[in-house]
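Nothing in this text is a laboratory measurement; each read-out follows from the coordinates by a stated rule. In this text the structure is predicted, and so the values were computed from the model without any measurement. Please note: Cβ atoms are built from the backbone with ideal geometry, for glycine as well, and neighbour counts cover all protein chains shown.
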Amino acid sequence: MTLNPQLNADGSLRHLLTIDGLPRAILTHILDTAESFISVSEQEVKKVPLLRGKAIFNLFFEASTRTRTTFEIAAKRLSADVINLNINASSQSKGETLLDTVDNLSAMQADMFVVRHAQSGAAHMIARHVAPHIHVVNAGDGRHAHPTQGLLDVFTIRKYKGEFHNLRVAIVGDVLHSRVARSQIHALTTLGVPEVRVIAPKTLLPVGVEQMGVHVYHDMLAGLKDVDVVIMLRLQNERMRGARLPSVQEYFKYYGLTQEKLALARPDAIVMHPGPMNRGVEIDSSVADGKQSVILPQVTYGIAVRMAVMSILAGN
Amino acid sequence: MKIHIKNGRVIDPKSQLDAITDVYIAAGKILAIGAMPADFHANRVIDASNQIVCPGLVDLAARLREPGFEYRATLESEMNAACAGGVTSLACPPDTDPPLDEPGLVEMLKFRAKNLHQAHVYPLGALTQKLEGTRITEMAELRDAGCVGFSQADAPISDTQVLARAMEYAATFDFTVWLRPEDSYLAKGGVAHDGFVATRLGLPAIPTSAETVAVATILLLARETNARVHLCRLSSAPAIDMVRRAKAEGLNISCDASINHLHLSEMDIGYFDPNYHLVPPLRATRDRDAIRAGLADGTIDALCSDHTPVDDDAKQMPFAEAEAGATGLELLLPLALKWAQEQNISLIKALARITHQPAQILGLNAGSLTVGQAADICIFNLDARWQVIPANLRSQGKNTPFLGYEMQGQVVCTLVDGQVVFEADDKQ
Amino acid sequence: MNLPNPNELLAQLAAVIKPTLTANTVLVGMHTGGVWAADYLQPLLDSHMPHGSLDISFYRDDFERIGLHAQVKPTHLPFEVEGRDILLIDDVLYTGRSVRAAMNALFDYGRPAQIRLAVLIDRIGDRQLPIAADFVGAALPVPAHQHIHLVRDTQLQLALKLVDIS
């Protein structure tokens, strides 16, 4: 199993499971294709016939209205048939295993699975199991990866900054538990961003994160200095219970993004957040709604990026 | 039944014998080694030319899954696997369902195993009731029922007061306490070594300190209580160093490592392969190297299979949810040989780690070729190669990180109490 | 085969098209050769005429066989399509499938009043759909094992080129 399970023998993309290990050319191709899909949303009929007759199953083992919705819109704009399945504990507790579920749906002539699961590696497992004509898109697995989010984030950065090779990007918050952060780091470093910083207390950083090519800061004031992009991560409330943080108040004081702290970044810095935001926990409302925020455009671009990913996979 | 094993290269680590010679068996015992005794008329002659004749293997950790987990494996299937792997004596951990915490359960297991006339089974009793880590078991009664030591299997005791008292009580009767060192708080929720691989794959991690903190605690309590301790499945370089120092100070402890940890590291997890979900987790390559060195210099006394049959349904899950464990009885010998070959270790020394030394830890008169002792013997072909595929495994558990590997060294015949319990031919 | 000079063909086309233009006409070039041709034509026709580009990758009928086109270009139509007279420009009219895709794409932006098609080269006898061009630079037979393409060099000079199908 040393072969990259995402790629066909000819090096083309078969599944999108993680950005880790993908060549820059594939990322650039996805971003360029997404650029073309932006214009589809400007059409009167916001739809192209590309995936007509294809069945795309949104397989969500973990609730997420927003990600599911953007995948659904993207698939519908490609004219695919979309089937949403929220598989909660109930059907799994009847003894049907994850792979049983996948087999049953494959028998319903699925062409693509969009998978969200609470466990790292779930999408890889499904990709290993499915028939050769079926494509798998990882829509978030545990702490591991959320590649379409990472791609839409770099797409957004490219839209606002043009190039990657002269940027400083800071990712702030709970990197340890964040699949989004891992995908962002791989996407940014692959595309040639020379300086990616992560800013967090030691309890929210995984061991050896430096080996992913990032600079570690514990002091947010130093970490934000002169950056072009600030990416804030969502902080889950349960982090207080695991003794990783003392309180929301202390976290916000030292790691929340306020106008004063943002002033340390470059004047034209943009602020991003994968959502959903905790206002007053990791980000102040005045920043989230401020003129440097590109949080809403991120959502719009997310649709074009997912259209690009699905159409490239379906055609490979 | 009299058996004459002819022309084999006979290796006995205990007596340091390594010579082409003959072994004579009568009435289930070894009658002679070397010259044929007078009036010996063999019922059967086994030609062991170009083969190795050594003591039957002694495995310190083999889960037979009875009672409670018969859907994963049965005593019959796993005893078959043991014999096919050349294992003639094995210790089984108490984490059955229910756990081995009552004499009746132990007697039943011993009785069932004995009736199969295959490998000798030596149960380890539960150190605490239901392995819950709160109340100690009737250790003396359990010993009388057949337990050779007391263990918590993979359920470490969190309450150090209970641990200290369990060790004291065991020391009263001179029982050995078998502990897999793990701090349950530091290990909580983790499924992989706290290193770069877990960071990259986003797997909840178990730090090395989960092992070293527990080793420190156990060593200090062992000094204080004078309990004899056997540390199970060491996985990290610092823990091995601690044991090395403790042994140098004269502390009466022993330890083992598994075949998995001897050969693999976190890097092998690849793309979330659940066959590499093991307890303790596979650690860094420097930890694996320390295990290889520790087994060579004797800090680690024995190599075990940590045989844990898991069915496919429990394995075909996302990494963290997949049940930990791997089949191993049939891989113990070839993986010991692989280590010896790679590290330039002599055959006799490698075999000591899976015969005589584990037998000593168990306090058994086994693991050696001694005249007058039970004829538990393994005959193997050192050069034969075979591939680890489900069809080649007798264990009901087909999951192992070594699936697809080519092994060198294949058992051709196993004898227990002078009876042939396995011959390679009946496999084909 | 001697290939015609595209600049001459475009000049001839412009001369024929120019009298038919209305105030409502817009120019739409099809990626990639059609866009170059439209760029060249526009100043010859009317330098104020609205002018857009269309990528048909998302409307092609060969997605099942060859997947998404490697280089998808953004579609850029800086005007309302609804009610316009569209002059669609392509370099080569071959099977007619690209024009079919282009018309489908245009209708997803609105309902044009009229669509007319101008091409540099009309490959004689190779049509697979009931589609014909309103304005043709030159009609040529091209051997089945060859493609004919418009190419543009770094000095933006246009040329026609024959390529063997590998």
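Please report the antiparallel percentage of the DSSP beta bridges confined to region B:29-182, to the nearest 5. Display every interim value, and only then the final one.
Details: 1 of 12 bridges.
Roughly 10 percent of the beta bridges in region B:29-182 run antiparallel, per DSSP.
How much net charge surrounds C:P112 when only other residues with a Cβ under 13 Å from its Cβ are counted (Lys, Arg +1; Asp, Glu -1)?
Numbers: positive: C:R84, C:R111, C:R116; negative: A:E44, C:E80, C:E82, C:D85, C:D108.
Here the charged neighbours net out to -2.
Give the order of B:S346, B:S258 when sorted by the count of other beta carbons within 10 angstrom, beginning with the fewest. Write out the running numbers ahead of the final one.
Details: B:S346 12, B:S258 29.
Going from least to most buried by this count: B:S346, B:S258.
So for region B:55-362, averaging the separation of alpha carbon pairs under 8 Å that are six or more residues apart and normalising by length, what relative contact order in percent results?
Numbers: 654 pairs, mean separation 53.7, N = 308.
This gives 17 percent for region B:55-362.
Would you mind checking the pairs B:K110/B:K338; A:K225/A:K253; B:K315/B:K338; A:K202/B:K188; A:K46/A:K161 and listing those with alpha carbons more than 22 angstrom apart? Could the numbers behind the result be given before it?
On the way: B:K110/B:K338 33 Å; A:K225/A:K253 17 Å; B:K315/B:K338 26 Å; A:K202/B:K188 18 Å; A:K46/A:K161 27 Å.
With Cα atoms farther than 22 Å apart: B:K110/B:K338; B:K315/B:K338; A:K46/A:K161.
Please compute the contact order of chain A in relative form: average sequence separation of alpha-carbon pairs under 8 Å and at least six residues apart, divided by the residue count, as a percent.
On the way: 584 pairs, mean separation 62.8, N = 316.
Across chain A, relative contact order equals 20 percent.
What do you get for the angle between helix B:75-84 and the principal long axis of chain B? Use alpha-carbon atoms, 0 to 90 degrees, nearest ten.
Roughly 60 degrees, rounded to the nearest 10.
For helix A:24-38, report the angle its Cα long axis makes with the longest principal axis of the Cα atoms of chain A; keep it between 0 and 90° and round to the nearest 10°.
80 degrees
Which whole-angstrom value gives the distance between the alpha carbon centres of region A:47-124 and region C:60-78?
If we compute the Cα centre of each part, the gap is 25 Å.
If you add up the charges near B:T74, with Lys and Arg at +1 and Asp and Glu at -1, over every other residue whose beta carbon is less than 15 angstrom from its beta carbon, what do you get? Don't skip to the answer; put the middle values down first.
Values: positive: B:R63, B:R65, B:R72, B:R112, B:R394, B:K398; negative: B:E66, B:E70, B:E76, B:E78, B:D97, B:D311.
Charge balance in the 15 Å sphere: 0.
Region A:147-294: percent of C-alpha pairs farther apart than 24 Å?
On the way: 2444 of 10878 pairs.
The calculated P(r) of region A:147-294 puts 22 percent of pairs beyond 24 Å.
Project the alpha carbons of chain C onto their principal axes and report the range along each, largest first, in whole Å.
Extents along the principal axes: 43, 38, 33 Å.
Which value in deg cm²/dmol, rounded to the nearest 500, describes the helix-derived mean residue ellipticity at 222 nm for chain A, given -39,500 (n - 2.57) per DSSP H run of n ≥ 4 and division by the residue count? Write out the running numbers ahead of the final one.
On the way: 12 runs with 119 residues, N = 316.
Result for chain A, helices only: -11000 deg cm²/dmol.
Roughly what angle does helix B:285-297 make with the longest principal axis of chain B, taking Cα atoms, 0 to 90 degrees, to the nearest 10?
So the helix axis and the longest Cα principal axis differ by about 40 degrees.
Measuring from centroid to centroid over Cα atoms, what is the spacing of region C:19-50 and region B:147-171 in Å?
If we compute the Cα centre of each part, the gap is 88 Å.
Before rounding to the nearest 500, sum -39500 (n - 2.57) across all DSSP H runs of length at least 4 in chain C and divide by the residue total; then give [θ] at 222 nm in deg cm²/dmol. List each step's numbers first, then the result.
Numbers: 4 runs with 40 residues, N = 166.
When only DSSP H runs of four or more count, the value is -7000 deg cm²/dmol.
Using the Cα centre as the reference, give the magnitude of the dipole from point charges on the C-beta atoms of chain A (Lys, Arg: +1; Asp, Glu: -1; all else neutral), rounded to the nearest 20 debye. Spell out each step's value before the answer.
Numbers: 33 positive and 29 negative charges, 47 e Å.
Value, rounded to 20: 220 debye.
Can you sort A:R241, C:R60, A:R143, B:R292 by how many other beta carbons sit within 10 Å, fewest first?
Working: A:R241 9, C:R60 21, A:R143 26, B:R292 18.
Going from least to most buried by this count: A:R241, B:R292, C:R60, A:R143.
So what's the back-of-envelope 222 nm ellipticity for chain B, counting only DSSP H runs of four-plus at -39500 (n - 2.57) apiece and dividing by all residues, rounded to 500?
-8500 deg cm²/dmol
So for region C:6-164, taking the charge dipole from beta-carbon charges (+1 Lys/Arg, -1 Asp/Glu), which of C:V72, C:I121, C:A144 sits furthest toward the positive end?
Checking the options against the dipole of region C:6-164, the answer is C:A144.
Which of rounded, prolate or oblate describes the protein assembly as shown when judged by the alpha-carbon gyration tensor and an a/c cut-off of 1.5? Before the final figure, lay out the partial values.
Working: a/c = 3.18, a/b = 2.06, b/c = 1.54.
Since a/c reaches 1.5 and a/b is larger than b/c, the shape of the protein assembly as shown is classed as prolate.
Under a no-solvent Debye model with one identical scatterer per Cα of chain A, what's log10 I(q)/I(0) at q = 0.08, 0.09, 0.11 Å⁻¹?
Scattering profile of chain A, log10 relative to I(0): -0.35, -0.45, -0.67.
Quick one: Cα centre-to-centre distance for region A:218-273 and region B:4-71, in angstrom?
Cα centroid of region A:218-273 versus Cα centroid of region B:4-71: 69 Å apart.
Per the Kirkwood formula on distinct C-alpha pairs, the Rh of chain B is how many angstrom? Don't skip to the answer; put the middle values down first.
Values: mean 1/r = 0.0463 Å⁻¹.
That comes to 21.6 Å for chain B.
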